[in-house]
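Below: one structure, written as structure tokens.
The values are calculated or read from the model by the stated rules, or taken from the named source; none is laboratory data. Just so you know, these numbers come straight off a predicted model, no measurement behind them. Glycine gets a Cβ as well: all are built from the backbone with ideal geometry, and neighbour counts include every protein chain shown.
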Amino acid sequence: MKKALIGRKIGMSQFFLDDGTVIPVTVCELGPCVVVQKKTIEKDGYNALKLGYWETKPHRLTKPIIEDLKKKNLPIVKVFKEVDIFDEDLIEGSVITCDVFSENQIVDVTGTSKGRGFAGVIKRYGFHGGKETHGSNFHRAPGSIGANTYPAEVWKGKKLPGRHGGKTVTVKNLKIISIMKDKNLVIISGAIPGTVNSIITVQSK
């Protein structure tokens, strides 16, 4: 089964390989995650693990969540996510660390991309725009978007100005370069979506 863990993006850096090659990497904190609930087909209709991450103060959570965690004698965590069951031995209260992954393992990383607000078509889609010469009066506009008598409307999905970024993005086939188990830090090759301290989910292939 695909192993998965919740974490957060610490920032980007560079890593020197044994042959002297320098590669861009992202430093991530993965875990420790606690199993908040183990869902089964008999009780919930499907199999899944509900993981909790990032301990916080009780006043930052709603009362139902706090009472549920206290009833199960679990730490007060604020980030929850469901993943596939990858180890049948895991039960409520089990703690999962970055030990589940290994160096040189290929993973997929899911996060929320940086929100860039309301953007035009040049920034949002890479349109070339109009001529930059004097008097053209057409520089960064989207241009004509209409059709003719048929269909007499703008097709859905037309590339126009709008909200840019802030979406769930998955970057696939990244390699784990190094693991620092004592600090729960994992160094992953390449760039991953999100800002510093944004929540990510790392899943093995």
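Of the strands (runs of 3 or more DSSP E) lying entirely inside region 161-205, those carrying at least 1 residues that are in contact with a helix residue (DSSP H, G or I) (Cβ under 7 Å, 6 or more places away or on another chain) are 168-180, 185-189. Can you go through Asn73, Asn104 and tell me which one is over 30 Å from Ser178 (Cα atoms), in a loop (DSSP other than H, G, I, E, B) and either touching a residue at least 40 places away in the same chain (Cβ under 8 Å) or assigned by TED's automatic domain parsing to the domain that holds Lys181 (or both)? Exactly one residue qualifies, and that residue is Asn73. Taking the condition surrounded by fewer than 15 Cβ atoms within 10 Å (Cβ to Cβ), in contact with a His (Cβ under 8 Å, 6 or more places away or on another chain) and closer than 23 Å to Gly194 by Cα, does Gly130 pass? For Gly130, the condition - surrounded by fewer than 15 Cβ atoms within 10 Å (Cβ to Cβ), in contact with a His (Cβ under 8 Å, 6 or more places away or on another chain) and closer than 23 Å to Gly194 by Cα - is not met.
Give the residues of region 107-134 that are among the aromatic types (Phe, Trp, Tyr) and part of a strand (DSSP E or B), sorted by residue number. Give the derivation first.
Pass one, region 107-134, residues among the aromatic types (Phe, Trp, Tyr): 118, 125, 127.
The answer is Phe118, and nothing else.
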